[in-house]
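Following: one structure in structure tokens, then a few remarks.
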């Protein structure tokens, strides 16, 4: 059942087109990802879906999680905010309690039974259970329920706002960057919850793992409009590449046809014996609707991390370290070593002390106990997720040039151009930049420092998928050593050579990427008897994803081979069709031979096309 529908939806501001001709529908239980570059219009689209220019099911209950939650009263507690979702049901419970005090007449008993049935049907008896489950899922243990909203951090407010939305159970969830401020455990819980959610979901997110787990359809915002693909983010990438290949092949084929027609017309229009045939080709040429050349190039960010000198082999030794701030000890008895060339992902729940550990290693906070030692020839670079290293009053250009006065204008402009700051963009004041733009300025400063040991605190925050990919490649190619905090599992999987898990009981180093970490955690749980029903869900997901990835690679190779052969057949048909025009019309034998070759090529292409559709559908239905 369709619950929401757009028809050529668009938006113009001051004569500038922001979005145009956006048309799609949302069915009950759809799981839709909205993707695109920063600034493409994803959040704009979400806001338009709430407005009057969209057809909606009568009385459609929509909840919108934006990136800046607002609460009416900062004195309310976490628990009272959660219970405020059930105001009507709690009022009904109060009426039930009053009726229960006086059940002496048949009328009173009947009223109580009727109200009790209605209360039960609306989930009234499950309120406490649901509140506990959702709040615990969002890392609000019962010990924190009495905390006032005004005392919560920005991340905690976002999580509480999200919890209230899920407690309300709307028919349509619209989520703008729902994974921000969530640690990996919370993300895993949220993925399981949303996969079983009874309603439709539209999500804007730059978390590839999350989108692959939750969504089944992808809308790409590009060139001010929207294109929908069936499948999660990974499948969308495959389908988008296939679509582009088809568009390029169709464009090339049409261009060859046009060239062939023009050539024939030029050579035969003035010859009396072939003038009519040339005129016929001219009419056919004029009827062709010429395709636009497919856009295969979009400017993307480009930078890398270089080192001015190599470090020693031992980069960092930590022994019995305790970290904290303002007299509060967050973690202790920390022991680990980092060596040259390591790329270590520091993971753990929010509030466990990850950023505090990084700041302690930088000397910004004192160690509460124990020791740590930095190795020889180290030059340490730091990326701060809060962008506190940036001067908000300076322009983009001045922020770079003041930090590196020995550089002249040309290399600064080249670097900023590679990070998509061009023209007057470099004159913008940093305080006016978006989160993604500020992140790119901070990355520019880090890239110019040429440090050999990078400490990165949530470096992918505010970056879109493509920018993350560029950062991933830069870190993979980096010849130095990296210690970074991230909740982005795809990013960790691509860039980490080790995973350092920080928990309540201390920390543990895993010698591998995120997939290896998950596999090892599953083995530990099974060995400890924590999973009586077989391997953990994460372990099963891991095994399914590895097998699915293998099958997907095999199918993709077959599809690529078919597309290549179909392109060769299309080329052959084009050549043979052009050859027909060169043959003497009276040579029926040669004409029939060429036509037979054309028919055979088309028949092969048709058979291959059917196989392509079969394999593409199989690939689309793979759970990878």
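Worth pointing out:
- Test: residue in segment 422-429 that is surrounded by fewer than 20 Cβ atoms within 10 Å (Cβ to Cβ), at positive phi, in a loop (DSSP other than H, G, I, E, B) and touching a helix residue (DSSP H, G or I) at 6+ places or on another chain (Cβ under 8 Å): no
- Residue 75 being over 24 Å from residue 219 (Cβ atoms) and in contact with a strand residue (DSSP E or B) (Cβ under 6 Å, 6 or more places away or on another chain): yes
- The listed residue being at pLDDT 75 or above and surrounded by 14 or more Cβ atoms within 10 Å (Cβ to Cβ), out of 592, 616: 616
- Looking across segment 97-131, the residues that are closer than 29 Å to residue 193 by Cβ and crowded, with 16+ Cβ neighbours inside 10 Å come down to 116, 119, 124, 127, 130, 131.
- Residues that are surrounded by fewer than 19 Cβ atoms within 10 Å (Cβ to Cβ) and either under 21 Å from the mean Cα position of the chain (by Cα) or not in a loop (DSSP other than H, G, I, E, B) (or both) within segment 38-62 comprise 39, 43, 44, 47, 55, 56, 62, listed in sequence order.
- Per-region count, segment 354-393, residues more than 24 Å from residue 329 (Cβ to Cβ) and either in contact with a strand residue (DSSP E or B) (Cβ under 7 Å, 6 or more places away or on another chain) or surrounded by fewer than 16 Cβ atoms within 10 Å (Cβ to Cβ) (or both): 12
- Complete set of residues in segment 336-346 that are touching a helix residue (DSSP H, G or I) at 6+ places or on another chain (Cβ under 6 Å) and closer than 21 Å to residue 324 by Cβ: 346
- Leading residue by the ranking (nearest to residue 193 (Cα to Cα)) among those in segment 1-43 that are free of Cβ contacts under 8 Å to residues at least 40 places away in the same chain and touching a strand residue (DSSP E or B) at 6+ places or on another chain (Cβ under 6 Å): 25
- Segment 161-175, residues that are under 18 Å from residue 34 (Cβ atoms) and either outside the structural domain of residue 127 (by TED's automatic domain parsing) or in contact with a helix residue (DSSP H, G or I) (Cβ under 9 Å, 6 or more places away or on another chain) (or both): 162, 165, 172, 173, 174, 175
- Qualifying residue in segment 496-516 (condition: under 30 Å from residue 422 (Cα atoms), at pLDDT 95 or above, touching a helix residue (DSSP H, G or I) at 6+ places or on another chain (Cβ under 7 Å) and assigned to a strand (DSSP E or B)): no
- Test: residue in segment 346-353 that is crowded, with 20+ Cβ neighbours inside 10 Å and farther than 30 Å from residue 510 by Cβ: no
- Qualifying residue in segment 146-158 (condition: under 24 Å from the mean Cα position of the chain (by Cα) and surrounded by fewer than 19 Cβ atoms within 10 Å (Cβ to Cβ)): yes
- Pick from segment 117-166, criterion touching a strand residue (DSSP E or B) at 6+ places or on another chain (Cβ under 7 Å) and assigned to a helix (DSSP H, G or I), ranking: nearest to residue 87 (Cα to Cα): 165
- Here 284, 322, 278, 376 are screened, and the one residue that is under 30 Å from residue 159 (Cβ atoms) and either part of a strand (DSSP E or B) or more than 35 Å from the chain's Cα centre (by Cα) (or both) is 322.
- Residue count for segment 167-208, restricted to those that are assigned to a helix (DSSP H, G or I), buried (at least 19 other Cβ atoms within 10 Å of the Cβ) and in contact with a strand residue (DSSP E or B) (Cβ under 8 Å, 6 or more places away or on another chain): 2
- Any chance residue 446 is part of a helix (DSSP H, G or I), without any contact (Cβ under 8 Å) to a residue 60 or more places away in the chain and either closer than 27 Å to residue 177 by Cβ or more than 24 Å from the chain's Cα centre (by Cα) (or both): no
- Among the residues of segment 395-421, the ones that are within 31 Å of the chain's Cα centre (by Cα) and either buried (at least 16 other Cβ atoms within 10 Å of the Cβ) or touching a residue at least 12 places away in the same chain (Cβ under 8 Å) (or both) come to 14 in all.
- The lone criterion from (1) part of a helix (DSSP H, G or I); (2) closer than 21 Å to residue 166 by Cβ left unmet by residue 113 is number (2).
The values are calculated or read from the model by the stated rules, or taken from the named source; none is laboratory data. Please read all numbers here as calculations on a predicted model, not as lab measurements. Heads up, the Cβs are rebuilt from the backbone with ideal geometry, glycines too, and the neighbour counts pull from every protein chain shown.
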